[in-house]
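What follows is a single structure, written as structure tokens, with notes after it.
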Amino acid sequence: MSSSDRSHAVDVQDAKTYEVRTYGCQMNVHDSERLSGLLEGAGYVRAPEGSDGDADVVVFNTCAVRENADNKLYGNLGRLAPMKTKRPGMQIAVGGCLAQKDRDTIVKKAPWVDVVFGTHNIGKLPVLLERARVQEEAQIEIAESLEAFPSTLPTRRESAYAAWVSISVGCNNTCTFCIVPALRGKEKDRRTGDILAEIEALVGEGVSEITLLGQNVNAYGSDIGDREAFSKLLRACGRIEGLERVRFTSPHPRDFTDDVIAAMAETPNVMPQLHMPMQSGSDTVLKAMRRSYRQDRFLGIIEKVRASIPHAAITTDIIVGFPGETEEDFEQTMHAVREARFSAAFTFQYSKRPGTPAATMEGQIPKEVVQARYERLVALQEEISWDENKKQVGRTLELMVAEGEGRKDGATHRLSGRAPDNRLVHFTKPDQDVRPGDVVTVEITYAAPHHLLAEGAVLDVRRTRAGDAWDKRNAARAVKPAGVMLGLPKIGAPEPLPVMTGSGCGCD
């Protein structure tokens with residue numbers, strides 16, 4: 001029985017409530033689904049929507065990569081201090097990468113925190129909360145190595161039709177802008193049989209799309225000594241009946257081999273989408289970042305992918321203003337962007353991260369120079385994204401109907417879905433009932449830089465087991481208190497070109 005099913009048996013009037021606040025990368029998103037599952041398995045129920053910290057247990061799943069991550073955490077903890085004073089028995093827990101990094105500092109700065117746990121022992125949260133309650137003192141437990149893969153823990157998935165599946169944790173790279181390997185440890189691969197068993201179980205629950213997750217997802221196999229393990233895994237996913245869409249994030253160019261490209265092209269349910277971080281187009285900067293490829297290698301991979309998968313949508317991450325970046329270096333990045341023609345790019349302004357080699361490098365770039373370069377890059381990518389989207393006009397596409405991805409759908413009488421290449425498409429609402437997870441066929445009539453429109457009538461509607469699973473979940477929720485969202489990204493690519501400062505998530 002899943003954790004969600006177990007929680008149905010709890011008397012919700014007497015049960016304690018919880019809220020999870022999530023920051024950072026997809027690994028944290030996945031971890032938060034597990035934290036919710038663990039709490040619900042222990043008898044907690046989600047706090048009502050809009051509670052804003054007014055819960056019996058508030059959990060912060062933190063990121064150590066984003067700019068001022070610690071200030072943001074302590075600011076949020078400070079706002080909860082008076083609420084905790086007024087609410088006897090309330091508990092606050094802090095986990096994730098910042099907890100792994102700062103450990104005792106968190107309780108020293110915020111002594112009202114009850115539990116601090118790390119990235120390797122999220123499964124201990126319910127026990128630590130109970131121990132803190134009984135002993136009436138803060139519990140700090142930071143495991144130095146992985147105790148259990150996140151996917152093996154109970155779960156409370158945000159989507160009825162799409163799911164994350166962790167295939168590895170940790171990272172063997174030493175990128176100078178990234179602290180994540182120090183916090184999540186060396187790469188550890190999960191057994192292929194366990195991965196496939198989890199996917200089959202998810203499909204049995206109605207899931208039709210999975211995203212394979214790892215900090216260097218295509219390095220899968222390095223821990224078990226098989227360089228072709230990832231391509232074999234993709235092909236094995238293609239043999240799972242009922243699994244309609246397979247995605248993965250995020251691959252590293254170093255490990256992107258020809259057998260992976262062949263597996264993508266030859267496995268029908270592996271989607272024609274690739275998110276591969278470039279970080280910089282300058283060989284000099286890439287060397288300073290300790291990225292193990294150069295511009296020619298990166299562009300060569302893209303050329304091979306497009307030759308095998310002509311309609312593939314390729315997205316990337318780029319850092320602007322890395323220490324020592326010259327105008328010539330930046331122009332090399334602009335050149336690479338023009339050559340690659342990404343459908344979208346997630347661009348970041350470099351800023352120092354304590355504990356990373358780049359933070360103490362000479363040649364830190366003035367903020368105004370970084371901002372000017374960033375704006376030029378965004379303008380170029382915006383133009384390319386729009387041009388690439390215009391090529392979709394007139395195409396007939398199958399969309400998986402999405403939940404909550406069209407902010408204006410109510411006003412425009414549209415629904416939204418994801419194309420196979422993960423582009424977001426808003427389409428005219430058909431007369432018949434359509435549910436998230438169902439599949440519709442539409443013709444694209446208009447392109448904007450970050451979305452497509454299908455303004456004509458829907459050509460076909462295919463009701464799916466995933467849609468049935470969505471119906472079942474909503475029926476179950478109707479008899480429970482309204483849930484509170486975790487603030488997690490949706491399955492699929494987030495909005496491109498965020499106006500952000502930072503060094504990127506450092507997980508790829």
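On the given criteria, is F342 closer than 30 Å to V458 by Cβ, touching a residue at least 12 places away in the same chain (Cβ under 8 Å) and of a type in the set (F, W, Y)?
So F342 passes the test.
When A448 is tested against (1) modelled with pLDDT of 50 or more; (2) surrounded by 15 or more Cβ atoms within 10 Å (Cβ to Cβ), just one condition goes unmet, and that condition is (2). Of all residues being closer than 16 Å to T428 by Cβ and without any contact (Cβ under 8 Å) to a residue 24 or more places away in the chain in the stretch 393-412, which is surrounded by the most Cβ atoms within 10 Å (Cβ to Cβ)? Just the residue, please. Applying the filter and picking the extreme gives G406. State whether the residues of the stretch 199-215 include one that is in contact with a strand residue (DSSP E or B) (Cβ under 7 Å, 6 or more places away or on another chain), open to solvent by 10 Å² or more (accessible area, probe 1.4 Å), part of a helix (DSSP H, G or I) and in contact (Cβ under 8 Å) with a residue 40 or more places away in the chain. No - not one qualifying residue is present in the stretch 199-215. Take the residues in the stretch 366-392 that are of a type outside the set (S, T, N, Q) and in contact with a Phe, Trp or Tyr (Cβ under 7 Å, 6 or more places away or on another chain); name whichever of them is surrounded by the fewest Cβ atoms within 10 Å (Cβ to Cβ). Only one residue fits best here, namely I384.
Scanning the stretch 184-198 for residues that are buried (at least 22 other Cβ atoms within 10 Å of the Cβ) and either among the β-branched types (V, I, T) or out of contact with any strand residue (DSSP E or B) (no Cβ under 7 Å at 6 or more places or on another chain) (or both) yields a total of 1. Please work out which residue is surrounded by the most Cβ atoms within 10 Å (Cβ to Cβ), limiting yourself to the stretch 131-141 and to residues that are free of Cβ contacts under 8 Å to residues at least 40 places away in the same chain and assigned to a helix (DSSP H, G or I). That would be R131. From V116, V169, grab the single residue that is of a type in the set (V, I, T), farther than 28 Å from A197 by Cα, surrounded by 22 or more Cβ atoms within 10 Å (Cβ to Cβ) and under 25 Å from the mean Cα position of the chain (by Cα). Result of the check over V116, V169: V116. Of everything in the stretch 285-332 that is within 18 Å of R376 (Cα to Cα) and of a type in the set (A, V, I, L, M), the residue that is surrounded by the most Cβ atoms within 10 Å (Cβ to Cβ) is I319.
One residue is enough: does the stretch 190-211 have a residue meeting the conditions of a type in the set (S, T, Y) and closer than 17 Å to I261 by Cβ? Quick ask: steps written out before the conclusion?
Step one: list which residues in the stretch 190-211 are of a type in the set (S, T, Y), which gives 192, 208, 211.
From what is left, the residues that are closer than 17 Å to I261 by Cβ are none.
No.
The values are calculated or read from the model by the stated rules, or taken from the named source; none is laboratory data. Model, not experiment: these values are computed from the prediction. Counting neighbours? That spans all protein chains shown, and the Cβs are built from the backbone with ideal geometry, glycine included. Just the protein is used for accessible areas: all its heavy atoms, side chains included, with ligands, DNA and RNA removed. Shrake-Rupley method; radii C 1.70, N 1.55, O 1.52, S 1.80 Å.
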